[in-house]
Amino acid sequence: MVLAVVRDVSERKKAQKALEESEKRYRDMANLAPLTIWESNLDGLCTYTNTSGYKVHGYTDEDFKQGAHLINLAVPEDRERAVLNPKKRIEGKVSGGKEYTGLHKDGTRFPVRISSSVIYKNSKPTGFRGATVDISDVKNAEQNLCESEVRYQKLVETSQDGISLMDIQGNMLYVNKRKAQMVGALDPKDLIGKNAYNSLPSQSKAEAKKLMPELIEKGVC
């Protein structure tokens, strides 16, 4: 007697093909992303990175195949945090993205923001998946803004014109030294919170209050 078992594997092949196509779409999309997308095991050993990961950190596919540890992609002074934060994420003690100083293979440093999540399999953590963004442009913009504010503040402080900043009710929020001298104040801080209208004669106060909405609407003050 011969027992023959015939199985229809067509559905399984279709499912396998669909899975392979889905994975290819994921890889293609990930490689087009302008940010670094990566995965690692629980020890921090990188198991996947997209094309951006190679470019940003200067490593090759061969480097990653030999074993690239995520901790080596951060500067030494950030590595303790880089080890502790993922553990805290598993414990639910940390959320949101974190900023670090990234490290290029050639030693170049650059600011990054990393957002990650825990990978679970059968309800057990098996690794991490995340995205790393080079925020050099953001930091440079913040630095330029800060430097611009410092220059502006120096110009205002040394101006021979009386300059003040007040809210719509006339309460003074900022006064430079010259303005304080003009109204007889010893220190500009003494005027903060006081109403500018109160230093005017009654008639001038009424005219100023009437004129102020019009000046605000025209963008004059």
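Rule-based calculations on the coordinates, nothing more; no lab input. Note that the structure is predicted; figures quoted are calculated from it, not measured. Glycine also receives a Cβ, built like all others from the backbone with ideal geometry; neighbour counts cover every protein chain displayed.
Got a sec? How would 146, 46 order by Cβ neighbour count within 10 Å, fewest to most? The partial results should precede the final answer.
Values: 146 10, 46 21.
Listed from fewest to most nearby Cβ atoms, that is 146, 46.
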For the chain: relative contact order, % (alpha-carbon pairs under 8 angstrom, 6 or more apart): 12
Listed residue pairs exceeding 29 Å between alpha carbons, taken from 17/55; 14/55; 93/124; 179/210; 24/121: 17/55; 14/55
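Out of every Cα pair in the chain, what percent are spaced more than 32 Å from each other? List each step's numbers first, then the result.
Numbers: 12907 of 24310 pairs.
Everything past 32 Å amounts to 53 percent.
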Residue 43-residue 15 FRET efficiency (beta carbon distance; Förster radius 35 Å; 0.05 resolution): 0.60
Set of aspartates and glutamates near residue 88 by C-alpha distance (under 13 Å), chain-local residues within fewer than 8 positions excluded: 80
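Using a simple charge model, +1 on the beta-carbon of Lys and Arg, -1 on the beta-carbon of Asp and Glu, nothing else, what dipole does segment 134-221 show about its Cα centre, in debye to the nearest 20? Don't jump to the answer; show the numbers that get you there.
Details: 12 positive and 13 negative charges, 105 e Å.
Charge dipole, segment 134-221, about its Cα centre: 500 debye, nearest 20.
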Phi-based couplings in Hz for segment 113-119 (Karplus 6.51, -1.76, 1.60; Gly and Pro marked x): 10, 10, 10, 9, 9, 8, 8
FRET efficiency for residue 208 and residue 150, using Cβ-Cβ distance with R0 set to 22 Å, rounded to 0.05: 0.10
Cα→Cβ-extended label distance, 7 Å offset, between residue 165 and residue 69, nm: 4.8
